[in-house]
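*Asks:* Have a look at this one before I ask anything.
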Amino acid sequence: MTDKAAVDLTGAAKTMLTTLYLKSLDAQFDEPVLGDTFARDAVGRLDFDWSDLKVTAKWAPIVTVRTALYDMWAREFLAAHPEATVIHIGCGLDARVFRLDPGPEVRWFDCDFPDVIALREQIYPTRPDYELIKTSATDPSWLEKIPTDKPVLFLAEGISMYLTQDEGTALLRRVVDRFDSGEIQIDFYNWLAIKTQKMHMLNRRSGSTLHWAVNDPADVLDEVPGLRSVDDTTLFDAPTFDRVRGSFRTAGAVTRAMPAARKSLQYHRFAF
Ligand SMILES: C[S@@+](CC[C@H](N)C(=O)[O-])C[C@H]1O[C@@H](n2cnc3c(N)ncnc32)[C@H](O)[C@@H]1O
């Protein structure tokens, strides 16, 4: 018998085990990129054979550089808007709400598939003004229940690639239509990353399929009226990449010389 939470996930939902595990490995580095002790503790609460993921600590920056950047951007948004609504889709078991620990005027929604949220309920505590939403983000109805009285931060980390372009752009349009003002902070794979998806170790073992490629902020601006680009960068150009040490840092220097590979993992920030 074990009192750990049992894990039974497949496809896109399973991918959040890899991101969680890589964050937990990073938290054990002497010089972590993210230093997420919530991830480290969450891994210990799950009944799962982590060796099954076939990932090692050297791959941690592929996730932690991104997560640390979105933490930074989210903190900037919340500093400018202490009264805000945060909608965090495809949250998986990411502990952003605990890492950022937002102020009392912030209302926070974490959204993912029902199986993922059920696991989340078992391993993380609740907190005031914090709600879990069990739904596919592509279902048009759930967003209509979110209050519109405050500026919104719509944060989508590691989910866009599991949506089709039509699903993704329809979702972003619904956000811009529903809320008066806010930011969309979202990452994308470019055409090369989507085309070579079978080669990606992080995706391959989950059995999921990647769809939506974005090559430039203009791809999104053309499809979602009302947005303007605030910032965009890539895995290898993000300010948080400066925290990376070892062989992954060297890989970054090599990849920056190859334009399509350099832009394969893109981090975007839009306002409306
Ligand atoms: C790669 S994981 C990223 C998890 C988390 N954002 C992180 O960075 O650790 C992808 C997450 O997106 C979720 N996801 C994929 N498609 C979704 C959809 N249509 N609606 C809600 N969540 C979805 C998966 O269940 C999974 O938790």
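*Asks:* In what order, largest first, do V7, V86 sit by accessible area if the probe radius is 1.4 Å?
*Replies:* Numbers: V7 30, V86 0 Å².
Sorted by accessible area, descending: V7, V86.
*Asks:* Take each complete run of DSSP H in the chain, measure how far its Cα atoms stretch along the helix's own axis, and keep only those covering 18 Å or more with mean Kyte-Doolittle hydropathy at least -0.5; list them.
*Replies:* Numbers: long enough: 11-26 (24 Å, 0.30); 61-80 (28 Å, 0.56); 165-178 (20 Å, -0.77).
Those that pass (Cα extent of 18 Å or more, hydropathy at least -0.5) are 11-26, 61-80.
*Asks:* Using Cα positions and a limit of under 16 Å, work out the lysines in reach of K195, with same-chain residues fewer than 8 apart set aside.
*Replies:* K263
*Asks:* Moving on to the next point. Using a 1.4 Å probe on the protein chains only, how many percent of the accessible area of the chain belongs to carbon and sulfur?
*Replies:* Numbers: 6060 of 12110 Å².
Looking at the chain in its full context, I get 50 percent from C and S.
*Asks:* Then there's this: In Å², what does the accessible area per residue of the chain work out to with a 1.4 Å probe?
*Replies:* On a per-residue basis, the chain sits at 45 Å².
*Asks:* Across the chain, where is the longest run that never hits GluC sites (Glu not before Pro) in a DSSP loop with at most 14 other C-beta atoms within 10 Å? Don't jump to the answer; show the numbers that get you there.
*Replies:* Working: sites that count: E83, E105.
Here the longest segment lacking exposed loop sites spans 106-272.
*Asks:* Would you please give the residues with an amide H less than 5 Å from that of G158, counting only those at least 5 places away or on a separate chain, with H modeled from the backbone geometry?
*Replies:* HN-HN under 5 Å from G158: D187.
*Asks:* Placing +1 on the Cβ of each Lys and Arg and -1 on the Cβ of each Asp and Glu in the range 117-264, which of P128, L143, N203 has its Cα farthest towards the positive end of the resulting dipole?
*Replies:* N203
*Asks:* Only bridges whose two residues both fall in the range 5-271 count here: according to DSSP, what percent of them are antiparallel, nearest 5? Let's see the in-between values first.
*Replies:* On the way: 13 of 37 bridges.
Beta bridges within the range 5-271, antiparallel portion: roughly 35 percent.
*Asks:* Cross-link candidates for K134: which lysines have Cα within less than 21 Å, leaving aside residues fewer than 8 places away along the same chain?
*Replies:* List returned: K14, K145.
*Asks:* On the full set of protein chains, 1.4 Å probe, figure out the accessible area of H88 and give it in Å² to the nearest 10.
*Replies:* Taking all protein chains as shown, H88 has close to 0 Å².
The values are calculated or read from the model by the stated rules, or taken from the named source; none is laboratory data. Keep in mind the model is a prediction, meaning the values are calculated, not measured. Neighbour counts run over all protein chains shown; Cβ positions are idealised from the backbone, glycine included. Protein only, heavy atoms only, side chains kept; ligands, DNA and RNA dropped before computing areas. Shrake-Rupley method; radii C 1.70, N 1.55, O 1.52, S 1.80 Å.
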